[in-house]
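Colleague: Below you will find the structure I want to go over with you.
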Amino acid sequence: MRFDREDTSLLADWWFTVDRLLLTAVFILMGVGIIVSLAASPSVALNKDLSAFYFVKRHIIIVCFGATLMLALSVQSPRTIRRIALVLFAGCIGGMVYIFAAGEEINGARRWMRIAGVSLQPSELAKPAFIVLSAWAFAEHERRRDVPALPVAFGLYLIFVGLLLVQPDIGQSLLITLVWGAMFILAGLPVALAAAFFAAALVGLGLAYLMLPYIQDRVHAFLYPVRGDHSQIERAYNSFKEGGFFGRGPGEGTIKTVLPDAHTDFIFAVIAEEYGIIACLALLGLFMFIVFRALIQAISSDDLSMRYALCGLGLLIGGQTLINMGVNVGLLPAKGMTLPMISAGGSSLIAICITFGMMLGLTRRRSSIGEIRLPDVSVGAVNRW
Amino acid sequence: MTVSPRKTADSTARPQPADARTARVAAVDRAGLRERALRVALVFGAVGFGFTGVGAQLIHLGLQEQATAPRASISRPLSETYSRPDIVDRNGHILATDVVMQSLYADPSKLLGASETLEALGRVIPGINTAALARVLSNRKRRFAWIKRGISPATAQQIHELGLPGIEFKPEPKRSYPQGRVAGHVIGHVNIDNKGTAAIERYVDASVGVRQVVGDPQGDKRQLKLTVDLRAQVALESELASAMDRFQSVAASGVILDVESGAVRAAASLPSVDPANPIEAQHLRYLDRLKRGTYELGSIFKAVTIAMALEKRTVTTKTVFDVRNPIEIGQRFRIVDEHGPRRPLTVEEIFIYSSNVGAGMMALEVGERYQRKFLRKLGLLDRMQTDAGQTAEPQLPPSWGKAEVVTIAYGHGLAIAPLQFAAAGAALVNGGFAVQPVFVEKSAGSSARKRVLSAKTSVAIRRLMRRNVTSPKGSGRRAAVPGYDVGGKTGTADRAAAGRYDGNSVVTSFFAAFPMVKPRYVVLVTLHDPKGSGARNQRFASLNAAPTTGRIIERVAPLLGVLPK
């Protein structure tokens, strides 16, 4: 297919404005996700008495759906994206409240709800929407003094994290707190306030440690590892050594047969065992490229709201990636966190696709006159970054 | 502090000269820019740090691969194997070592038909139990099942060439005993996972320790050195075997013990066991008759009885006892000497002619309490612990009355493992120090020696034992070895069977030490149910155990560095 610059169709317009490097990286990530699903999930599926390729088929269907969603989002204007985010966030918060009130408890946490036969995790879908809305609030705070934008930003954060904590979902709360805190710093807000915020977050983490026995157990297991206890985390950790730099070869892995979460939280360990550390480093590099691409696109953007949103979305992907990998390689205590686009899991995959969709939508070069906005501050119109 | 837009707006509100205003705005913007850049750098730096940290940890883990490489974590709980240190004799000759062999296992979920696979395998390894295995292999939910552990490289190659999917190999260390059955009872056994289950092999696990094999077996460079001298061991076993053959006895045992250190230079029980075949060793026929069987050892106990009387100073070697009359205790107990001269005998003659009545009289004089105390001090009443396992529990009489005092004086009524007697006997001749038999060469410096009897008594016992070999009437004369100054005592005991004595079956023993001037080794040989020859069918120890001991000493003494005079 060839596009002509004269062509003003939606598709051509999209093709010439979209960040093609980022797009390519995201599609590579999707492909890697499917390949790794082929490696990791059949044995898990068999252990669960499902057909061997149950998770593979599911992964492919969801990725196809998610890719469509992503492309659809990527053609939207920043304003539309913001509106979508608002609707999505409102819906997800409603879902989370409903789950809190009437949700079913699975593995000691209330995270899922069923809509039309599909199991959904609203907290996952809320994440990108939350970032875009927070970014907007931070930008408004800086742009206009007549709206109470900062309280809005705090309100969004408290509602979301509050609903995450009651599930309870300490890992996601931590991720959201880190990303929101980073946006807080980037938005130029007082350092003292940022310090107070992180201090409060630390206190919260300490309280979680003291009050939730499973958090205590995990932290203890991390600080005082027992060799040979055959825990998921130890086996995952060992698989990096077993795989070595070049891996044992596709299909030769063994850890996927023993880890119940081999296709989700510990998929990085499966990659390490079968494809080796070099493949892991390549994947790490791909994620790093995506994150830094988003961050660099952010600082070269003139619109504050877009700037903060892109930073936030990039940090969301980066933070989730680093927490997941950190747990796998034994740098962090066990946390239920999926590896973006690679791990199985419907809501998580869709949420990642939405994140990338919004990212791609916000990084598009705005060429048409209508998209050019006036500088935010009339005096001293210089690039502030 | 950040420079907020409001501040800028405030400054613009005040009327100021145009050039000053521009300069201020520029200054404010420069400061703001610097701080903004700092904040961006902070966040970018944190993200970069995170990625670098994970990357560094990945490389760190990758570099550990060569060092540890624990492979096959799936099968870890199912296939524990251990690598073991070599066991060598005191001269470094290998008695037991690990050999890496291939073990065959299946991943039933990958098999193309369990029965077809087993049929193909059966052509190469006929021994596999197809019925039981077929059931296991048909279960397609299983991911691991052993088929056969420890197969030769050639067979492994053949199986590999069959190209059966789901059939895999795992190299495992397998215990190998290059000396075959030699010292089998001393070495003991390992189980299928290469963990020690008996004797020294079991001691290895508890002391030096075995290492769990993860991944490819690396080989264990450590060694466990035994006190056993392989040459002496072979000599002892071959002499015992030829004695068994000559006297048609069902079993035999022998031990050669260093009287000072307790080091076991050779220890054998025939029929010997194959360390590689733990199943066979379960059979009673292969019982370790040195440590694990208890026997009434007969008149060799008289050495103990006389030592006891000498210690209590109730006798000297010249004290005379009238042994012509039987000893009668109550209605049912009566003993009489059936051989030897019918006249009063000195203690020395009681020893040489092996007078039961004499020994009994001496013991009665000493009394039950002292007898018990003395036997306990020599370690004959308690189970003995050695590094090659513990001995069987001594079988004490149900009640220890006068009759028992008398019978124990000549070696009946108390059944013990021969090794225990050898240790006690060493104390009798080494100057009076307790001896703990050891099979493992310890680091130099023996522990403080415990005196159990006086040096004077020990000298007296040595003299008696030597006299028993040199005297033309001595029961031990057939154990004499020219130049080696052998001394010893015979013991012929009725063999206990099914709760009573079998009058036609005996256990004969010879307890010897050499050189008698200053003994270095004790030897205890026991023959089980030797048959006599000729019309008189004499089965006395003096005719079988004594000459066997003589032959053993003749062969072993030069090997152990004892020079002939």
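Colleague: Just the accessible area for B:Phe144, please: 1.4 Å probe, Å², rounded to the nearest 10?
Modeller: Rounded to the nearest 10, that gives 10 Å².
Colleague: Oh, and also: Between A:Pro128, A:Pro213, A:Pro168, which gets the highest mean-square fluctuation from a Gaussian network model of chain A, Cα cutoff 10 Å?
Modeller: For chain A, modelled as a Gaussian network with Cα springs under 10 Å, the answer is A:Pro213.
Colleague: Using the structure shown, list the pairs from B:Lys312/B:Lys473; B:Lys518/B:Lys565; B:Lys291/B:Lys531 with a Cα-Cα distance above 19 Å, or answer none. Let's see the in-between values first.
Modeller: Values: B:Lys312/B:Lys473 28 Å; B:Lys518/B:Lys565 13 Å; B:Lys291/B:Lys531 24 Å.
In this structure, B:Lys312/B:Lys473; B:Lys291/B:Lys531 exceed 19 Å between Cα atoms.
Colleague: Which three extents, in angstrom, do the Cα atoms of segment A:1-148 have along their principal axes, listed largest first?
Modeller: Largest first, segment A:1-148 extends 53, 47, 25 Å along its Cα principal axes.
Colleague: Does anyone have the angle between helix A:54-74 and the longest principal axis of chain A? Alpha-carbon axes, 0 to 90°, nearest 10?
Modeller: Approximately 10 degrees, to the nearest 10.
Colleague: Hey, if you drop one equal point scatterer on each alpha-carbon of segment B:231-559 and run the Debye formula without solvent, what base-10 log of I(q)/I(0) do you get at q = 0.13 Å⁻¹?
Modeller: For segment B:231-559 at q = 0.13 Å⁻¹, log10 I(q)/I(0) is -0.90.
Colleague: Also: Compute the Rg/Rh shape ratio of segment B:474-530: radius of gyration over Kirkwood radius, all on alpha-carbon atoms. Don't jump to the answer; show the numbers that get you there.
Modeller: Details: Rg = 14.0 Å, Rh = 12.5 Å.
So for segment B:474-530, dividing Rg by the Kirkwood Rh gives 1.12.
Colleague: Tilt of helix B:18-64 relative to the longest C-alpha principal axis of chain B, in degrees (0 to 90, nearest 10)?
Modeller: On a 0 to 90 degree scale, this one is about 30.
Colleague: A further question follows. If the cut-off is a Cα-Cα distance under 13 Å, which aspartates and glutamates reach B:Lys148, setting aside same-chain residues fewer than 8 apart in sequence?
Modeller: B:Glu168, B:Glu172, B:Asp193
Colleague: Take the alpha-carbon positions of segment B:493-565, form their convex hull, and give its projected area averaged over all directions (one quarter of the hull surface) in nm². Intermediate values should be presented prior to the final figure.
Modeller: On the way: hull surface 25.0 nm².
Reported value for the Cα convex hull: 6.2 nm².
Colleague: Which whole number gives the average, over all residues in A:242-249, of C-beta atoms from other chains lying within 10 Å of the residue C-beta? Could you put the intermediate results ahead of the total?
Modeller: Working: counts 10, 3, 7, 7, 2, 0, 2, 0.
Taking all residues of A:242-249 together, the mean is 4.
Colleague: Got the relative contact order for segment A:10-372 handy, in percent, Cα pairs under 8 Å and 6 or more residues apart? Mind showing how you got there, number by number?
Modeller: Values: 517 pairs, mean separation 103.6, N = 363.
Relative contact order of segment A:10-372: 29 percent.
Colleague: Counting only heavy atoms of the protein chains, get the accessible area per residue of the protein assembly as shown (1.4 Å probe) and round it to a whole Å² value. Can you show the working numbers first?
Modeller: Values: 41680 Å² over 950 residues.
It amounts to 44 Å² per residue over the protein assembly as shown.
Colleague: Given axes a ≥ b ≥ c from the Cα gyration tensor, I'd like to know whether segment B:434-535 is rounded (a/c under 1.5), prolate (a/b larger than b/c) or oblate.
Modeller: Details: a/c = 2.19, a/b = 1.43, b/c = 1.53.
In terms of gyration-tensor shape, oblate.
Colleague: At a 1.4 Å probe, what is the % contribution of carbon and sulfur to the accessible area of segment A:10-372?
Modeller: Numbers: 9940 of 14240 Å².
Carbon and sulfur together cover 70 percent of it.
Colleague: So, one more: With all protein chains present, calculate the accessible area of A:Met288 using a 1.4 Å probe and round the result to the nearest 10 Å².
Modeller: Rounded to the nearest 10, the figure is 70 Å².
Colleague: On to the next question. Regarding segment A:71-226, what whole-number volume in Å³ per residue does the convex hull of its Cα atoms give?
Modeller: Working: hull volume 24.4 nm³, N = 156.
Convex hull of Cα atoms, per residue: 156 Å³.
Colleague: Counting only other chains, what is the mean number of Cβ atoms within 10 angstrom of the Cβ of each residue in peptide B:473-481?
Modeller: Average neighbour count from other chains, rounded to a whole number: 0.
Colleague: Convex hull over the Cα atoms of chain A, averaged projected area in nm²? Could the numbers behind the result be given before it?
Modeller: Working: hull surface 84.2 nm².
Projected over every direction and averaged, the Cα hull of chain A covers 21.0 nm².
Colleague: I would also like to ask the following. With the full set of protein chains in place, find how many percent of the accessible area of segment B:200-271 is carbon and sulfur; take the probe as 1.4 Å. If you can, show how the numbers build up before the last one.
Modeller: Details: 1290 of 2640 Å².
Carbon and sulfur: 49 percent of the exposed surface of segment B:200-271.
Colleague: Please name which of B:Ala268, B:Gly188, B:Phe333 has its Cα lying farthest along the dipole of segment B:185-334 towards the positive end, using unit charges on Cβ (Lys, Arg +1; Asp, Glu -1) and the Cα centre as origin.
Modeller: Looking along the dipole axis, the top candidate is B:Phe333.
Colleague: What is the ratio of the Cα radius of gyration of segment A:17-90 to 2.2 N^0.38 Å, where N is its residue count, to two decimals? Don't skip to the end; give the middle numbers.
Modeller: On the way: Rg = 16.1 Å, N = 74, 2.2 N^0.38 = 11.3 Å.
Compactness ratio reported: 1.43.
Colleague: Let me know the Kirkwood hydrodynamic radius for chain B, please, with Cα pairs as the basis and the value in Å to one decimal.
Modeller: On the way: mean 1/r = 0.0351 Å⁻¹.
One decimal place: 28.5 Å for the Kirkwood radius.
Colleague: Here is a further query. Would you mind checking which residues have amide H under 5 Å from B:Leu224's amide H? H placed 1.01 Å from N; only 5 or more apart, or other chain.
Modeller: The list, which skips near neighbours in sequence, is B:Asp86, B:Ile87, B:Val88.
Colleague: Going by accessible area, probe 1.4 Å, with all protein chains left in place, what is the ranking of B:Lys291, B:Lys518, largest first? Kindly include the intermediate steps, with their values, before the conclusion.
Modeller: Details: B:Lys291 10, B:Lys518 130 Å².
Result of the area sort, largest leading: B:Lys518, B:Lys291.
Colleague: When the accessible area of segment B:455-565 is computed with all protein chains present and a 1.4 Å probe, what percentage of it is carbon and sulfur?
Modeller: Details: 2470 of 4710 Å².
Here carbon and sulfur together make up 52 percent of the probe-accessible area.
Colleague: Counting only DSSP beta bridges with both residues in the protein assembly as shown, tell me the antiparallel percent, nearest 5. Mind showing how you got there, number by number?
Modeller: Working: 69 of 73 bridges.
Counting only bridges with both partners in the protein assembly as shown, antiparallel ones make up about 95 percent.
Colleague: Once you've got the GNM for chain A with C-alpha springs shorter than 10 Å, pick whichever of A:Ile84, A:Ile267, A:Ile350 has the biggest mean-square fluctuation.
Modeller: A:Ile84
Colleague: In terms of the Cα gyration tensor, with a ≥ b ≥ c the square roots of its eigenvalues, is segment B:203-359 rounded because a/c is under 1.5, prolate because a/b exceeds b/c, or oblate? It would help to have the intermediate numbers written out before the result.
Modeller: Numbers: a/c = 2.93, a/b = 2.31, b/c = 1.27.
Prolate, since a/c reaches 1.5 and a/b exceeds b/c.
Colleague: Using +1 at the C-beta of Lys and Arg and -1 at the C-beta of Asp and Glu, which of B:Thr316, B:Val459, B:Leu419 has the Cα lying farthest in the positive direction of the dipole of segment B:231-559?
Modeller: Among B:Thr316, B:Val459, B:Leu419, the one farthest towards the positive end of the dipole of segment B:231-559 is B:Thr316.
Colleague: For a quick protection proxy, order the peptides B:475-488, B:93-106, B:372-385 by their average other-Cβ count within 10 Å, most packed first. Mind showing how you got there, number by number?
Modeller: On the way: B:475-488: 23.4, B:93-106: 19.9, B:372-385: 17.4.
Result, highest mean first: B:475-488, B:93-106, B:372-385.
Colleague: Here's something else I'd like to know. Compute the accessible area of each residue in segment A:145-190 twice, once for its chain alone and once with every protein chain present, using a 1.4 Å probe on heavy atoms, and list those whose area falls by at least 20 Å².
Modeller: A:Arg145, A:Ile185, A:Leu186, A:Gly188, A:Pro190
Colleague: With a 1.4 Å probe and all protein chains in place, put B:Arg143, B:Arg449, B:Arg84, B:Arg342 in order of accessible area, largest first. Numbers along the way, then the final one.
Modeller: Details: B:Arg143 75, B:Arg449 105, B:Arg84 0, B:Arg342 140 Å².
Largest to smallest exposure gives the sequence B:Arg342, B:Arg449, B:Arg143, B:Arg84.
Colleague: How large is the dipole of segment A:10-372 about the Cα centre if only Lys and Arg carry +1 and Asp and Glu carry -1, each at its Cβ, rounded to the nearest 20 debye? Could you put the intermediate results ahead of the total?
Modeller: On the way: 26 positive and 22 negative charges, 110 e Å.
About 520 debye.
Colleague: Now a separate question. Kindly rank A:49-58, A:299-308 from highest to lowest mean number of other beta carbons found within 10 Å of each residue.
Modeller: Numbers: A:49-58: 15.5, A:299-308: 20.7.
Top of the packing list down: A:299-308, A:49-58.
Colleague: Give me the dipole magnitude in Debye, nearest 20, for segment B:231-559 about the Cα centre, with unit charges on the beta carbon: positive for Lys and Arg, negative for Asp and Glu. Please list the in-between numbers first.
Modeller: Details: 45 positive and 28 negative charges, 198 e Å.
The calculation lands at about 940 debye.
Colleague: Moving on to the next point. May I ask for the angle, rounded to the nearest 10°, between helix B:114-124 and the longest principal axis of chain B, with both axes built from Cα atoms and the value confined to 0 to 90°?
Modeller: Relative to chain B, helix B:114-124 is tipped by roughly 50 degrees.
Colleague: Further, regarding this structure: Using a Gaussian network model on chain A with a 10 Å cutoff between Cα atoms, which of A:Ile131, A:Ile62, A:Ile278 fluctuates the most?
Modeller: Residue with maximal mean-square fluctuation among A:Ile131, A:Ile62, A:Ile278: A:Ile278.
Colleague: Considering all projection directions equally, how large on average is the shadow of the alpha-carbon convex hull of segment A:204-300, in square nanometres? Walk me through the numbers before you get to the answer.
Modeller: Details: hull surface 34.7 nm².
Over all viewing directions, segment A:204-300 projects a mean Cα-hull area of 8.7 nm².
Colleague: Beyond 21 Å, what share of the Cα-Cα pairs of segment B:318-427 remains, rounded to the nearest whole percent? If you can, show how the numbers build up before the last one.
Modeller: Values: 2491 of 5995 pairs.
For segment B:318-427, the fraction of Cα-Cα distances above 21 Å is 42 percent.
Colleague: Rounded to the nearest 100 Å², what's the accessible area chains A and B bury against each other, both chains counted, probe 1.4 Å? Walk me through the numbers on the way to the answer.
Modeller: On the way: alone 18320 and 27560 Å², together 41680 Å².
Approximately 4200 Å² gets buried when A meets B.
Colleague: Heads up, I need the accessible area for B:Thr346: 1.4 angstrom probe, whole protein in place, Å², nearest 10.
Modeller: Taking all protein chains as shown, B:Thr346 has close to 30 Å².
Colleague: What order do B:His528, B:His412 take when sorted by accessible area (1.4 Å probe), most exposed first? Write down the numbers at each step before the final one.
Modeller: Details: B:His528 5, B:His412 30 Å².
So, going from the largest accessible area down, we get B:His412, B:His528.
Colleague: So, one more: Give me the one-decimal Kirkwood hydrodynamic radius in Å for the protein assembly as shown, with the sum taken over alpha-carbon pairs. Each step should come with its number before you reach the end.
Modeller: Values: mean 1/r = 0.0283 Å⁻¹.
The answer is 35.3 Å.
The values are calculated or read from the model by the stated rules, or taken from the named source; none is laboratory data. Worth saying up front: this structure is predicted, and the values here are computed from it rather than measured. Methodologically, a virtual Cβ is constructed for each residue, glycine included, from the backbone with ideal geometry; neighbour enumeration extends over all protein chains shown. When the accessible area is computed, the model is the full protein with side chains, heavy atoms only, and any ligands, DNA or RNA have been set aside. Shrake-Rupley method; radii C 1.70, N 1.55, O 1.52, S 1.80 Å.
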